[in-house]
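*Asks:* Okay, handing you the structure first.
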Amino acid sequence: MRFATFQWLFPVVIALHNLEEAIWLPEWANRTGFWRTPVSPRAFRVVVAVLTALAMVITWLSATSGAQTFWTYLLFGCVVATLANAVFPHLALSISKRRYMPGTATAVALNIPVLSLMVAAAFSERQVAGWKSVAYAAGVPVLLLLLLVLMFQPARWFVKAR
């Protein structure tokens, strides 16, 4: 399959994974103490809706800008972040705790196989290359983690204001 096809599968995979998390993760996380500060299901759903929309926008910008552009490298970094998220925490916690962590089904069934093939296609078609791919693969997951943490407070305020 070509990178362009995988490119448009990315927001679909993200949406399905985020849907699974939106339904079951907040209750699981609050019950298990996964988050230091409990997060309401509504606030969590606001955050994953924003992240899903961002995935769609970044995909569109990457698709329209072409190979080895800022947007394609940013998309590549998001793909690597999503792959990392599939392994840590989803798969790792499900195995170590011997309890299912919501999001693991889509992480294993969709994220890992589809996005691994997308990474391979990105390199084989030279959509990304060299040190830039390494920099974005390392930097974007860190930035997304920080963004995620920063998004929870405004999401809490948004939910309280409604």
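*Asks:* For n ≥ 4 DSSP H runs only, could you compute -39500 (n - 2.57) per run for the chain, divide by its residues and tell me the 222 nm figure to the nearest 500?
*Replies:* -26000 deg cm²/dmol
*Asks:* Would you mind checking the radius of gyration and Dmax of the chain based on alpha-carbon positions, in Å?
*Replies:* 16.0, 48
*Asks:* Provide Phe70, Phe34 in ascending order of the number of other Cβ atoms located within 10 Å of each residue's Cβ, fewest first.
*Replies:* Neighbour counts put them in this order, fewest first: Phe70, Phe34.
*Asks:* State, as an integer percentage, the relative contact order of region 3-161 based on alpha-carbon contacts under 8 Å between residues 6 or more apart.
*Replies:* Relative contact order, region 3-161: 33 percent.
*Asks:* Could you tell me the convex hull volume per residue, in Å³, taken over the Cα atoms of region 68-145?
*Replies:* For region 68-145, the hull spanned by Cα atoms encloses 85 Å³ per residue.
*Asks:* Ranked highest first by average number of other Cβ atoms within 10 Å, how do 62-69, 13-20, 115-122 line up?
*Replies:* 13-20, 115-122, 62-69
*Asks:* Based on alpha-carbon centroids, what's the gap between region 66-100 and region 102-125 in Å, whole number please?
*Replies:* 8 Å
*Asks:* About the Cα centre, and with charges only on the beta carbon of Lys, Arg (+1) and Asp, Glu (-1), how big is the dipole of region 16-162? Nearest 20 debye, please.
*Replies:* Dipole magnitude for region 16-162 comes out near 540 debye.
Each value in this text was obtained by applying a stated rule to the coordinates, not by laboratory testing. Small disclaimer: the values here were computed from a predicted structure and weren't measured. Reconstructed Cβ throughout: ideal geometry from the backbone, glycine too, with neighbour counts over all protein chains shown.
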